[in-house]
Every structure is written in structure tokens, then in C-alpha cells.
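Since the structure comes first, as C-alpha cells, the remarks are kept for the end.
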Amino acid sequence: MGAWPWWLQVSLVFVAARVVSACIFMAAAIHQGTNPWFPPAPDYWNFITIWDGRWYQEAADKGYPSELPVDANGVVKENAWAFYALFPFLARGVSAITGMGALPALTAIAMLAGLGAALVIYKLFREFAGRRTAMWGVVFVSTFPVSPILQVPYAESLNLLLLAASLLLVVRRHYLAAIPVVLLMCLSRPTGVPFAAMLGLLFLWRLWGRLRPPAAALETVGRTATGGTTTDPTSTRSLVSLAVLVFATGLGALAWPAIAWAVTGDPAAYTRTETAWRGHDLVPFKPWFDTGRMLFGPVLGVLAPFVFTALFVLVMISKPVRALGAELRLWCACYMGYLLVFLHPQTSTFRMLLPLFPLALGAALLSKSRAYRGTVVVLFVLLQIVWVVWLWAWAPLPGGGDYPP
């Protein structure tokens, strides 16, 4: 297998991982009881289209409402504006060309995008590691506990493809070429704000490198994974291109809320819709402390977010993660910061950790031991079973509803 082309090896890894996940889905579907979508014990194709897949189907078939639905108290109800348009609009196009329904089109796009993401991730990881380690990084991403999401009609796989491509272009300093990819990424899932923050910090760092004494500035000239010297990131041309990308990404990050405002006439249409699932308004940081108190009590609950943040910082300064380069580390830090500011931590949080995929390469760099790497894969697959059975399969809670995946 070592003599096979890299793209074939990556494709086989991804397909094999999805077959394993499909077996887990099918085993869970056999035990699926009464649910809001279909009769008990559905087949595989029905089982993977539940939850947010139905919202994407609605967006693909009906578009987005021109008026926000509200209850008797004027509180916005759950609606399609929470789901970014690129994924359902692609499905609408595929449906128009092929004649297939929206859900099959969404599933096909998700699978192909997931495969494309695996290929791009391998090329990204090769910028920082050798072939074997980069391949193990792809294995870790493909078998990650929430990786079954890459074969269901959710936008995660499309966003992962565009995010990985954007990061690869930024790492290679093709800043202007990255603009259309980044703008598409901003319309796939809410990753535009942390990406803009990452690029802004990267620009400031490069500018500081330009202003430092020449001897120190030379240290900012990067090297590829194979040891070749790259171009000077502090050159005027590079800085201007990066600044243009920062500006374009900032606009892209605001595009979907602005579109929701333009269509509905409500400047807070997107945020009001997002918080409809929470049951209360968005207050930065507060949900982490609320969840902490709920899980760990009034004292430890207040400390829990700080402990979590400290542990993440330790991961980010560890030797394997430091090998990922400035761009990938900045991305992981900014994305986690974004989650800490805006996310309401719940069971869906596991799925939202997928954009931290560069840390999979850090995990692969931690040890070259086959026993270690194989153990990680086995553990990930076992946790896939937990994720699918606990969160994807629907079972009513005593108070109604179920934990979302």
C-alpha cells in the first residue's frame, strides 16, 4: 500500500472509516424506537437524515422565511435562518440537474465533500509532517468520535473541506487565491468570525516581524515539512495581500447575518434565530458558567470553564502542537476562543469541535508508536458508538425532546 498514490491511500482510509460508521448507524437504527420522523427501526438512508438534515432539506426545498416565525410572546421560534445557505443551495442545484430529492442530494454532497476534505487535510498536514505521520493525522480525523457527521446531510463536511482548503492556502501564503474559498466557507457554517480573527492576529504578527530588527525578522521566514525555505512572510507584497484577505474575510463573516437582515427586515434575525434553540438571549461567556454550575455545582461549576481553558492552553503549548506552525495554532486558539465567547455548551458541542481538526496532527506527532496510534483509532471508533447511540438515535427525555447530536 505504501507504493500507492497518496490520494488513493487517503481515499481508502476515508471510505473505510465511513463504512465502519455506516455499520454503527445501521446497528443503532435497528433499535431506534418511536421518533418524530419515521416509523421505528428505519433503514440506513432514513436514519442518517434526521435532526438538522430536515432543516437543510426545508431550506433547499422552500428557501428561507421572509418573516421570522414568533410565538404568542413575540419570541422567535426555530427556523431555517440558523442554517447557512451554501449547503442547501448546492443541494437545490444538484436536485435540479439530477432530479433526485433534496435529502439524497444533501447526503451525496456531504459524502463527496468529506472525501475532498480528507484529501485537502492530508496536503495541509504534509506542510508540517512526513508522509506517514500526515496519513495518521488523516486517519485520526476520519475516525474521530463525531466523524459520522461527515456522511449525513449536515454542512460539517462541506465546511471542513472549505476550511482545510482555506488553511492550506493561508499556510502557503496564497492569500489572494484564498479569498473566494474563504467567502464560500463563510456561507457554509459560522466559522467566518474566528477565521477573520485568526487572519487579523496573523497580520499583526507578520507586521511585527517586519518592524523587528533584521536579524530577528529572519526568524519568521518559514520552512516546509521537507526543509525547504519559503518566501518571506513580512514582505510588502505578502502583507498587503494578507490585509486584503483579512478585510474580505471580515465581510464574509458578516454576510449571512446581513442577508438575514436584508430578507427579514430584522437586524438581529440571525442571532435571534440561533438563540431560539437556547431559550434565552445571547450573553457572552455566561452559558459556560451556567452549564458548569449545572454539572458540577455552585463552586466547582464556576471554576470549570477556567480549568477547561487552562487545559486547552496546555495542549496548545505542548511540543507536538507547537510543530503545527503559527497559522494552524492561531486558528485553533481563535476558534476555541469563539466557542468560549458565543457557544452554549451542550451535547452538540462535541460536533462543533470538528474544526479543531489540526490537533489531530498534533496527536499523531505525539508518538510514532503503532500501538499508541492504533489504540487512539480503536478508542475513537468505540466513542463513535457512544456518540451515535447516545446522541444520534432519538429517545424521548422525561421532559420531552432529546439531546441533540
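The values are calculated or read from the model by the stated rules, or taken from the named source; none is laboratory data. These figures come from a predicted structure and were not determined experimentally. A quick note on method: Cβ atoms are made from the backbone with ideal geometry, for glycine too, and the neighbour counts reach across all protein chains shown.
Values as computed for the structure displayed
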item: Scan of the range 38-53 for residues that are surrounded by fewer than 17 Cβ atoms within 10 Å (Cβ to Cβ) and in contact (Cβ under 8 Å) with a residue 24 or more places away in the chain, ordered by number; result: TRP45
item: Unmet requirement for ALA29, which otherwise passes all of (1) surrounded by 19 or more Cβ atoms within 10 Å (Cβ to Cβ); (2) part of a loop (DSSP other than H, G, I, E, B); result: (2)
item: Subset of the range 279-336 [of a type in the set (Lys, Arg), surrounded by 14 or more Cβ atoms within 10 Å (Cβ to Cβ) and within 23 Å of the chain's Cα centre (by Cα)]; result: ARG329
item: One residue from THR220, THR236, THR191 being modelled with pLDDT of 95 or more, hydroxyl-bearing (Ser, Thr, Tyr), on the phi < 0 side of the Ramachandran plot and out of contact with any strand residue (DSSP E or B) (no Cβ under 6 Å at 6 or more places or on another chain); result: THR191
item: Candidate set from the range 36-82 (those that are among the small types (Gly, Ala, Ser) and in a loop (DSSP other than H, G, I, E, B)); member that is farthest from ILE109 (Cα to Cα); result: ALA72
item: Test: residue in the range 127-134 that is surrounded by fewer than 23 Cβ atoms within 10 Å (Cβ to Cβ), of a type in the set (Asp, Glu) and modelled with pLDDT of 95 or more; result: yes
item: Members of the range 320-360 that are closer than 22 Å to THR133 by Cβ and either of a type in the set (Phe, Trp, Tyr) or without any contact (Cβ under 8 Å) to a residue 12 or more places away in the chain (or both); result: ARG322, TRP331, PHE357
item: Total residues in the range 255-301, condition in a helix (DSSP H, G or I), of a type outside the set (S, T, N, Q) and touching a residue at least 60 places away in the same chain (Cβ under 8 Å); result: 11
item: Residue, nearest to the chain's Cα centre (by Cα), within the range 74-96, restricted to residues that are charged (D, E, K, R) and more than 11 Å from ASP61 (Cα to Cα); result: GLU78
